[in-house]
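Single-structure report; data block below.
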């Protein structure tokens, strides 16, 4: 039926997306043959940014103790910038393959970098290139 996109990668992808968004990773519990997943949203009274080097600031202590040590919220954005520095004509698809993320996630990262005025697209979509704004 070709329903499964990537076998066995869903949970890790959910954790990665949550970490990049600066929110606590979901909490999974198994009870009586069923699975319960608690998703958390960003606290309204706490502002997070890509420049913040802490992940979740202890929000999910006890859920993933030690998992997030040394991980920065903007890690994949920085990796995208590094890839652009090496190849200004890089596509979201090839960046996704190199980083081990989905094409859609790479497109979202490119979009966020454009919106924050870190990169700009010069030329056409097909033959243009990315320029990093200093």
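Structural remarks
- Filter result for residue 133 (touching a strand residue (DSSP E or B) at 6+ places or on another chain (Cβ under 8 Å), surrounded by fewer than 14 Cβ atoms within 10 Å (Cβ to Cβ) and modelled with pLDDT under 90): yes
- Among the residues of the stretch 113-123, those identified as out of contact with any strand residue (DSSP E or B) (no Cβ under 8 Å at 6 or more places or on another chain) and either surrounded by 12 or more Cβ atoms within 10 Å (Cβ to Cβ) or part of a helix (DSSP H, G or I) (or both) are 115, 116.
- Residue 24 falls short of the stated requirement of being surrounded by 14 or more Cβ atoms within 10 Å (Cβ to Cβ), part of a loop (DSSP other than H, G, I, E, B), touching a strand residue (DSSP E or B) at 6+ places or on another chain (Cβ under 6 Å) and at pLDDT 80 or above.
Okay, residues lined up against (1) within 14 Å of residue 19 (Cβ to Cβ); (2) touching a helix residue (DSSP H, G or I) at 6+ places or on another chain (Cβ under 7 Å); (3) surrounded by 13 or more Cβ atoms within 10 Å (Cβ to Cβ); (4) modelled with pLDDT of 90 or more:
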residue: 40; (1), (2), (3), (4): yes, no, yes, no
residue: 50; (1), (2), (3), (4): yes, yes, yes, no
residue: 72; (1), (2), (3), (4): yes, no, yes, no
residue: 96; (1), (2), (3), (4): no, yes, yes, yes
residue: 111; (1), (2), (3), (4): no, no, no, yes
residue: 125; (1), (2), (3), (4): no, no, no, no
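- Pairs, first at positive phi in the stretch 106-133, second surrounded by fewer than 16 Cβ atoms within 10 Å (Cβ to Cβ), C-beta under 9 Å, six or more apart: 117/133; 123/129
The values are calculated or read from the model by the stated rules, or taken from the named source; none is laboratory data. None of the values given here were measured: they were computed from a predicted structure. In this analysis, Cβ positions are derived from the backbone assuming ideal geometry, glycine residues included, and neighbour counts consider all displayed protein chains.
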